[in-house]
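**Q** My structure is below; once you've seen it, I'll send some questions.
The values are calculated or read from the model by the stated rules, or taken from the named source; none is laboratory data. Remember, predicted model here, so these are calculated numbers, not experimental data. Here the Cβ positions follow ideal geometry from the backbone for every residue, glycine too, while neighbour counts run over all protein chains shown. Protein only, heavy atoms only, side chains kept; ligands, DNA and RNA dropped before computing areas. Shrake-Rupley method; radii C 1.70, N 1.55, O 1.52, S 1.80 Å.
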Amino acid sequence: MKRREFLQAVGAPLLGLDRLTARPPVRLSVQPSLLLPMDDAQGNHLKAYGVTFRALKRGGRAEWLLNYRGGSFLLPADPATERDAALAGVTVQPASDGDVVAVRGEIQANNMDAVPLEKAPKVAVYAPPNAAPWDDAVTMSLEYAGIEYEKIWDPEVVAGRLKDFEWLHLHHEDFTGQFSKFYLTYSGAFWLSEMVERNQETARRLGLPNVPALKKAVAREIRGFVQDGGFLFAMCTATETLEIALAAEGVDVAAPYADGTSMDPEASAKLDWTRSFAFRDVKLEQSSAIASFSDIDGHQVNNPPKRQPLGAFTLFNFSAKIDPVPTMLVQSHRQVIPDFYGLTTSFQRERLKPDVTVLADEAGAPWVKYIHGESEKGTWTYLGGHDPEDPQHQIGDPPTDLSLHANSPGYRLILNNVLFPAAKKRELKT
Amino acid sequence: MRRPERSNAEVAEHAENAEVNLVTAPRETINRLCVLCALCVLCVGTSAPRRALAQAESRVLAEAGELERLGRHADAAARYRGILRTEPTSVPALLGLERVFTSLERLDSLVPLVRAALARDALNQTIHSLELRVWFALGHSDSVTAAARRWIALAPRSPDPYREWAFTVAQRGDLAGAKRALSEGASRLGDAALAQDLAQLTTLAGEWTEAARQWVAVVRGNAALLPSATGSLTRAPAVARDEMLSALLGVRGDSTSRRMAADLLAGWGRADEAWPLLDATMPQDPNAAAVLLQRFAERTVTARSRRNALVRGYALERLATLVDAAAAGRVRLQAAQAYADAGDLAAAQRMLERAGAGAEAGGAVAPAMASLIRALAEQGSAEEAERRLLAWNDRLSGDDRETLRQAVAWAWARRGELDRAEAVLAPDSGVAAAAVRGWIALYRGDLGLAREQLRAAGPYTGSREEATRRMSMLVLVERIGTDRLPEFGRAMLALARGDTMQALTDLEAAARKLSLASGRADVLGFAGEVALARRDYQAAEDLLVRALAADSVGPAAPAAELALARVQAETGRTEVAIHQLEHLILAHPQSAMVPQARRLRDRLRGVVPE
């Protein structure tokens, strides 16, 4: 369901209601319910999202109890859900009507809220058709949690298929078309040659002069997707390079090895940040020999003179009743999460647009970790870093086994984003 | 270059006209003037000794250093500038100004001073390096290049300009630029001049294959740098190593590159691959050969596998022929230990004999002898192991005596000589000995005594693997409702000897003698797991199905279901296996097998990596 449909669905009922009182709760049914606690009592946090998602897929309804016991879920106690939870190792607690009343009372009296979840979103992951030599934390979490998704790539995006989905994920992609500057360290690697060839062939097939032009076209489609009401979640390189690609319409921001021409020496001054979502006044990295795109990234992991050590980031608290969307996005059983590198690890605070909502940052640091915003009818969320449970991931490293990280607070942030489009949303007040 | 002589008036006038950075109280001005006056006094007369000037400069430098330490950078700058007025090429003053101007964010003020210094001392390497650093810090990359080129023009045969230029741009992360600078130098001065710099740079850049080639060139020029070279290259990630080795071994007939490859392989724990390379390129010179062999032995001291231990033995044995007699004895003992660890008892024995490790040999031989006894016991030479143990009993450490008694007892037990095994353990009352006695009782079919001894041994003695085996066996034996079951004992002894077929036959015989209530299902389930471990999937499935038919709800059922699911998965029936696992999870939610079942289910469904 697109965001505008959410607002249409819930806007009218809210008129005339005092914002400070809770809405009448959505009564799932008269049958008992199942509480999926999401605090330390939960045996498998990540699969709990999957159990909830599949309950919605079966046509059921659920509630997300924001800030209640780590952001718990309330589901109908039907045999299919119970079986699913048992097989997945998800801890459930039967909740009678009396139990539910007590829960709602606690929610009403505290900074908590109960958000109905109505429909499982249609999820797309933007990824090349072949296997890449690195992991995608989002696809891993979707697979592990058992959440259906579809892979789409440049031909599908350019052909307009994004409108078939409600949620889109981007991860590694370099939307500036410079292959993440992997030439600097992996020149000669077979997988890089293969990636370059594949992208160049795709550009040719779609009638585009080169890969940077192809990726800009894709970036434009993604912006259109968001502005039409879609939900975008991006991590790692995709965050920074998507923004640059959007702002660089008509500007050459790619190295010669990408498009045959040098980067415009005045590129930084020519970028149009009204076209991007999150950042502004960014200074691009002019040297093609430096493994960095711009000064958006605070950690600059592959730029030795500027590389910053990892710390930990803290999730912000929001008013669950007034700001349900950011509250949903930060649901976790841990407030402080160890940081993790990516080609883009963090976002310099001074590069953020003023209307960006910061969801998490590192105390005392000039960068933030997790941000969210709106663009016309849709929303976007960016999380810096590559893999929450692999802080210093290198290409060729073995993939993360999420069964060993079933309670990962970092991965919960990813899955919060997957589930949040399922929510009915009230008017936002940031 | 001599400083031009100055008259007193000229010095005083210069001092008065000098640019002064006064940011503190007039007191500082007075201090400065005092300094200048001190300098003036010292300059009086054309016959003022240079030594006095040098002493004055030292004093001022010391003052400036103290001011820096106190954070009074502006005052320190004034001191340094004062020195430069009389000694424009004073390197300590220039370097001091670099520090304080950086703190004051006035580094651009250093540029004319550096240029003035170079005008007087055009070949001073330190000042040239300083100029590069200053331009770099100011962000003027073109000026860095220009400064480097000026230096090159002044010292066309020196590698220093290229080296410093590369280092400066590398600091900015421009490794490609640094490489270009070094390559330019190499093209003009020859490969050898900057080979080590290029090698270090390519290593830093993670260009491992190219780095390996560069380091070969370095080591060809100076063999003593082999440890540095391989020390840098050892850090290469596993994905890069094969290509590095191909590059090294692809150069025909080059002993340097092969020795480097051997050293790298040894450092990567692949000593068995390293040895043939090293052996084939051993230098004729005995001293050089001894150095390489010693290094190989050091690199392989943590060798874990038998193959690695064996080649370590080869290297040590050869090394013993190249060193003096006193060292040879020690080396042969190390070789004996390595051979024993590798299971080559004959070679271990040979080394001990040549090391003079007879009956009268002392405590230095004891560790090697302990390894030999252990190896003899593991290989089943129980008599020989026991004989040597008795002969060396007083010379071994207490821990070695205890563990070797257990090893010898195991050797007897595996041969079925259970009485002799118990006799060896007689002096021992510890929990480790109780563990061995528990197994011996098991082999006799005395399940009552086995339970008692295995419980006494507890869950902690021995390795983790041994402890797990022991506890698992105790759990099984606890469920068998009889104190004597010879068939079960025979089955366990057959398993210890590796005769799985006989073990399965005896286990089935044991199960037939048990009722449903006294552990038939448990024994059948165990037999099924034995068959599964042997990859006899048909037998395993038959036994496990019978175990579940005997008892599908008792404590043995989850383990049998899990094993059955593994059989189904191994025989390609993935969906059947998933269904089996789901049944296990839902029917036995409290079972300790459930986490394993969930993980296997996830793996079969492809949601976690293999």
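**Q** Take B:Trp215, A:Trp273 and sort them by solvent-accessible surface of the protein heavy atoms, 1.4 Å probe, largest at the top.
**A** A:Trp273, B:Trp215
**Q** Please list the equivalent ellipsoid semi-axes of the range B:160-270, computed as the square roots of five times the alpha-carbon gyration tensor eigenvalues, in descending order and whole angstrom.
**A** With the √(5λ) rule applied to the range B:160-270, the semi-axes are 24, 16, 11 Å.
**Q** Using +1 at the Cβ of each Lys and Arg and -1 at the Cβ of each Asp and Glu in the protein assembly as shown, identify which of B:Gly329, A:Leu246, A:Pro76 lies farthest towards the dipole's positive end.
**A** B:Gly329
**Q** Roll a 1.4 Å probe over the protein heavy atoms and report the accessible area of B:Glu452 in Å², nearest 10.
**A** Here the residue's solvent-accessible area equals roughly 110 Å².
**Q** If you count only protein heavy atoms and use a 1.4 Å probe, how large is the accessible surface of B:Ser591, to the nearest 10 Å²?
**A** 30 Å²
**Q** Moving on to the next point. Viscosity 1.002 mPa s, temperature 20 °C: what is the translational diffusion coefficient of the range B:341-464 from Stokes-Einstein with a Kirkwood Rh over Cα pairs, rounded to a whole number of µm²/s?
**A** This corresponds to a translational diffusion coefficient of 143 µm²/s.
**Q** Given bins 10 angstrom wide, list per bin the percent of all Cα-Cα distances in the range B:47-141, short to long.
**A** 17, 47, 30, 5, 0
**Q** Additional query: Given springs between every Cα pair under 10 Å in a Gaussian network model of chain A, which of A:Leu66, A:Leu46, A:Leu402 has the largest fluctuation?
**A** Comparing A:Leu66, A:Leu46, A:Leu402 in a Gaussian network model of chain A, the most mobile one is A:Leu402.
**Q** Another question, then. For chain B, just run the numbers: alpha carbon Rg, then divide by 2.2 N^0.38 Å, N being how many residues it has. Each step should come with its number before you reach the end.
**A** Values: Rg = 38.7 Å, N = 610, 2.2 N^0.38 = 25.2 Å.
The reported ratio for this selection is 1.54.
**Q** Given +1 on the Cβ of Lys and Arg, -1 on the Cβ of Asp and Glu, and no further charges, what dipole in debye does chain B carry about its Cα centre, rounded to the nearest 20?
**A** Working: 78 positive and 75 negative charges, 139 e Å.
Approximately 660 debye in magnitude.
**Q** Could you calculate the contour length gain from A:Val101 to A:Lys119, that is, 0.36 nm times the residue separation minus the distance between their Cα atoms, to one decimal place in nm?
**A** Values: separation 18, 0.36 × 18 = 6.48 nm, distance 2.41 nm.
Full extension from A:Val101 to A:Lys119 adds 4.1 nm.
**Q** Let me ask something else about it. Of the cross-linked pairs A:Lys122/A:Lys306; A:Lys57/A:Lys321; A:Lys119/A:Lys353; A:Lys163/A:Lys283, which ones have a Cα-Cα span greater than 30 Å in the structure shown?
**A** A:Lys122/A:Lys306; A:Lys119/A:Lys353; A:Lys163/A:Lys283
**Q** Hey, with R₀ at 25 Å, roughly what FRET efficiency would A:Gln108 and A:Asn317 work out to, going by the Cβ-Cβ distance, to 0.05?
**A** 0.90
**Q** Ok, one more. For the range B:451-610, what relative contact order do you get, as a whole percent, if you take Cα pairs closer than 8 Å and at least 6 residues apart?
**A** Computed value for the range B:451-610: 13 percent relative contact order.
**Q** Can you pull the percent of chain A's accessible area that's carbon plus sulfur, 1.4 Å probe, other chains left in place?
**A** 53 percent
**Q** Quick one: helix A:97-109 against the long Cα principal axis of chain A, what's the angle to the nearest 10°, folded into 0 to 90?
**A** For A:97-109 against chain A, the angle is about 60 degrees.
**Q** Sticking with this structure for a sec: Mind giving me the nanometre distance, one decimal, between the label points for A:Gln31 and B:Leu204, set 7 Å out from Cα along Cα→Cβ?
**A** About 6.8 nm, to one decimal.
**Q** Rounded to the nearest 500, what is the 222 nm mean residue ellipticity of the protein assembly as shown from helices alone, with -39500 (n - 2.57) per DSSP H run of 4+ residues and division by all residues?
**A** Calculated from helices alone, the mean residue ellipticity at 222 nm is -17500 deg cm²/dmol.
**Q** Shifting gears a bit: Over 17 Å apart: what share of the alpha carbon pairs of the range B:305-389 falls there, rounded to a whole percent? Don't skip to the answer; put the middle values down first.
**A** Numbers: 1414 of 3570 pairs.
In whole percent, the long-distance tail amounts to 40.
**Q** Still on this model: If you bin the C-alpha pair distances of the range B:381-440 every 5 Å from 0, what whole percents do you get?
**A** Here the calculated profile for the range B:381-440 is 4, 21, 34, 24, 13, 3.
**Q** Roughly how large is the B-A contact in terms of buried accessible area, totalled over both chains, probe 1.4 Å, nearest 100 Å²?
**A** Working: alone 30030 and 16680 Å², together 45150 Å².
Between B and A, the summed buried area is about 1600 Å².
**Q** Once the principal axes of the Cα atoms of the range B:66-206 are found, what is the range along each, listed largest first in whole angstroms?
**A** Reported extents, whole Å, longest axis first: 46, 32, 24.
**Q** Count the net charge of all other residues whose Cβ sits under 15 Å from the Cβ of B:Pro589, scoring Lys and Arg as +1 and Asp and Glu as -1.
**A** -1
**Q** In debye to the nearest 20, how big a dipole does chain A give about its Cα centre with +1 on each Lys and Arg Cβ and -1 on each Asp and Glu Cβ?
**A** Once rounded to the nearest 20, the dipole reads 1160 debye.
**Q** Give me the angle, in degrees from 0 to 90, between the Cα long axis of helix A:237-247 and the longest principal axis of the Cα atoms of chain A, rounded to the nearest 10.
**A** That helix lies at roughly 70 degrees to the long axis.
**Q** Using just the C-alpha positions of chain A as equal point scatterers, what log10 of I(q)/I(0) does the Debye formula give at each q in 0.14 1/Å?
**A** So the normalised log intensities are -1.28.
**Q** Could you work out the local net charge near B:Ala457, counting Lys and Arg as +1, Asp and Glu as -1, over the other residues with Cβ closer than 13 Å to its Cβ? If you can, show how the numbers build up before the last one.
**A** On the way: positive: B:Arg437, B:Arg451, B:Arg455, B:Arg469, B:Arg470; negative: B:Asp428, B:Glu452, B:Glu466.
Taking every other residue near B:Ala457 into account, the sum is +2.
**Q** Where a Cα-Cα gap under 13 Å defines reach, which aspartates and glutamates qualify for B:Lys513, not counting those fewer than 8 residues away within the same chain?
**A** B:Asp483, B:Glu487, B:Asp522
**Q** For the protein assembly as shown, with only Lys/Arg (+1) and Asp/Glu (-1) charged at the beta-carbon, what is the dipole magnitude about the Cα centre, in debye rounded to 20?
**A** Values: 123 positive and 130 negative charges, 111 e Å.
Using only the charged Cβ atoms, the result is roughly 540 debye.
**Q** Then there's this: Compute the distance from the alpha-carbon center of the range A:110-124 to that of the range A:333-385, in whole Å.
**A** 22 Å
**Q** Determine the per residue accessible area of chain A with all protein chains present and a 1.4 angstrom probe, expressed in square angstrom. Spell out each step's value before the answer.
**A** Working: 15900 Å² over 430 residues.
Normalised by residue count, the accessible surface of chain A is 37 Å².
**Q** Still on this structure: Considering all projection directions equally, how large on average is the shadow of the alpha-carbon convex hull of the range A:309-430, in square nanometres?
**A** Values: hull surface 33.7 nm².
That works out to 8.4 nm².
**Q** Can you quote the Å³ per residue value for the convex hull of the Cα atoms in the range A:97-174, rounded to an integer?
**A** Working: hull volume 11.9 nm³, N = 78.
Given the Cα convex hull of the range A:97-174, per-residue volume reads 153 Å³.
**Q** How far is helix B:73-86 tilted off the main Cα axis of chain B, in degrees rounded to 10, range 0 to 90?
**A** For helix B:73-86, the angle is close to 50 degrees.
**Q** Ok, one more. What's log10 of I(q)/I(0) for the protein assembly as shown at q = 0.08, 0.10 Å⁻¹, Debye sum over Cα points only, no solvent?
**A** -1.11, -1.27
**Q** Per-residue accessible area for A:Glu197 at 1.4 Å probe radius, Å² rounded to 10?
**A** Ignoring ligands and nucleic acids, A:Glu197 comes out at about 90 Å².
**Q** Provide the packing ranking of B:257-268, B:439-450, B:505-516, i.e. peptides ordered by the mean count of other C-beta atoms within 10 Å per residue, highest first.
**A** B:257-268, B:439-450, B:505-516
**Q** Whole-Å semi-axes of the range B:416-521's equivalent ellipsoid, largest first, each the root of 5 times a Cα gyration tensor eigenvalue?
**A** So the equivalent ellipsoid measures 22, 15, 13 Å along its semi-axes.
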